[in-house]
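Remarks on the structure that follows.
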Amino acid sequence: MCSLTWGALVDIIGVVARRKPIQRAKGGQKDFYISMRLVDSSTPYGIAATALRPYKEALPIVEVGDVVLLREFKVSYGNPGLASYFYFIFICVSLALDY
């Protein structure tokens, strides 16, 4: 993650360190979005990732500690991080253990 090029489409795998609940945009098309911070061994501070969709049900549900694979996310200019507005593949693996 540490050597991302602005504007590039990237595939990222990381662990969810923080997340915000799904929200609706206040302006524009008023799409729904989810924001999270992903970490891996290359960057201890992680990187922000945001996915937007017109329908809330189209967004993934993630929890802190989940491992996610983000495909076709664009490295954004304005808010440093990753963003996906149109097409993306999102795979989430929950590592929750029940004892």
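Bear in mind these aren't lab numbers, they're just calculated from the coordinates by the rules spelled out. All of these numbers come straight from a predicted model, not from anything done at the bench. Neighbour counts run over all protein chains shown; Cβ positions are idealised from the backbone, glycine included.
Each residue of the range 33-44 was assigned a 3J(HN,Hα) from its phi angle through the Karplus expression (A = 6.51, B = -1.76, C = 1.60, θ = phi - 60°), giving 8, 10, 10, 8, 10, 10, 10, 8, 5, 8, 8, x Hz with x at Gly and Pro. In loop segments of the range 1-44 as defined by DSSP, the chymotrypsin sites (Phe, Trp or Tyr not before Pro) with at most 12 further C-beta atoms inside 10 Å of their C-beta are 6.
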